[in-house]
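The structure appears right after this line, and notes come after that.
The values are calculated or read from the model by the stated rules, or taken from the named source; none is laboratory data. All figures in this text were calculated on a predicted structure; none of them were measured in a lab. Cβ placement follows ideal geometry from the backbone for every residue including glycine, while neighbour counts extend to all protein chains displayed.
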């Protein structure tokens, strides 16, 4: 007797605009997609609820319906909506904002937490100044180059922190040596 | 004779503020060779042809400044909306550099080929 093939979990039969809205809501509210789908249904069903919320949802559903009409395969629809939701979520998250905008400010914020004002002025402000100038010219050329500049300067920031810590340690050892020997 | 001379020169001219590491010597060399004109960190990195790193140059400059071998001036860069530091050697800086030049010339400073 031949074994019955297992159904593939990622295969779905339908993915409509309500499912798409549920995907977006699930990401935003940090709930599961089935829960979000129930929420969508509840908002649409509940005539006594907030009318503005219902109208906004209805408009979003209309937009999503038009968008999904261009993608015939349900699995592809879901994958694309999930990818788009992920991009939007990450881009609007605090971590993303902290790391990537505006150039140099997060570095200065971190340096302010760790170092004295003097070190900030002597080491990190000039580094960020160079970073901003270099980033400006890189951004004019291409987004990729700008992103690479960001990464390179984060690495340089870490290098500066590391070297400064090494020097501080050596200074401390020297002070101890002078005290005891 | 030559070995004796090298050993003598390879001894640091003084300790503490007068001590230079190879990269610190390189920075001093670039600044002195620039005719005493002010230079900023990025300029030093570019002129060092890859010997200095962008990430560490300001730590080294800060150390040289603390030793009193360099003095810095702040200049406002409008496009970056931030202040940039320009460095030039001080009189003690020139003295220390001259003393160490002999050491570097006979290869007493590891990694220095200026």
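Considering every residue within segment A:128-136, establish whether at least one is more than 9 Å from chain B (Cβ to nearest Cβ) and surrounded by fewer than 19 Cβ atoms within 10 Å (Cβ to Cβ).
No, that holds for no residue.
Kindly provide the set of residues from segment B:36-70 that are under 19 Å from residue B:19 (Cβ atoms) and not in a helix (DSSP H, G or I), ordered by number.
B:52, B:56, B:68, B:69, B:70
Return yes or no: is residue A:176 under 19 Å from the mean Cα position of the chain (by Cα), part of a helix (DSSP H, G or I) and surrounded by 10 or more Cβ atoms within 10 Å (Cβ to Cβ)?
Against the criterion (under 19 Å from the mean Cα position of the chain (by Cα), part of a helix (DSSP H, G or I) and surrounded by 10 or more Cβ atoms within 10 Å (Cβ to Cβ)), residue A:176 does not qualify.
Given the condition modelled with pLDDT under 85, crowded, with 19+ Cβ neighbours inside 10 Å and more than 14 Å from every other protein chain (Cβ to nearest Cβ), answer yes or no: does some residue in segment B:86-100 qualify?
Yes, that holds for at least one residue.
Inspect segment A:87-94 for any residue being in a helix (DSSP H, G or I), touching a residue at least 40 places away in the same chain (Cβ under 8 Å) and more than 24 Å from the chain's Cα centre (by Cα) and give the result as yes or no.
No - not one qualifying residue is present in segment A:87-94.
Being over 16 Å from residue B:84 (Cβ atoms) and either without any contact (Cβ under 8 Å) to a residue 12 or more places away in the chain or facing another protein chain (nearest Cβ under 10 Å) (or both) is the filter here; which residues of segment A:111-127 pass it?
A:112, A:113, A:116, A:117, A:118, A:119
Quick one: count up the residues across segment A:27-52 that are within 22 Å of residue A:84 (Cα to Cα), in a helix (DSSP H, G or I) and free of Cβ contacts under 8 Å to residues at least 24 places away in the same chain.
9
Mind listing whichever residues of segment B:42-57 are facing another protein chain (nearest Cβ under 7 Å) and either touching a helix residue (DSSP H, G or I) at 6+ places or on another chain (Cβ under 6 Å) or at positive phi (or both)?
Hits for segment B:42-57 are B:42, B:54, B:55, B:56.
Would it be correct to say that residue A:63 is at pLDDT 85 or above and more than 25 Å from the chain's Cα centre (by Cα)?
no
So which residues in segment A:156-172 are at the interface with chain B (Cβ under 7 Å from one of its Cβ atoms) and either loosely packed, with under 12 Cβ neighbours inside 10 Å or over 16 Å from residue B:52 (Cα atoms) (or both)?
Within segment A:156-172, just A:167 meets the criteria.
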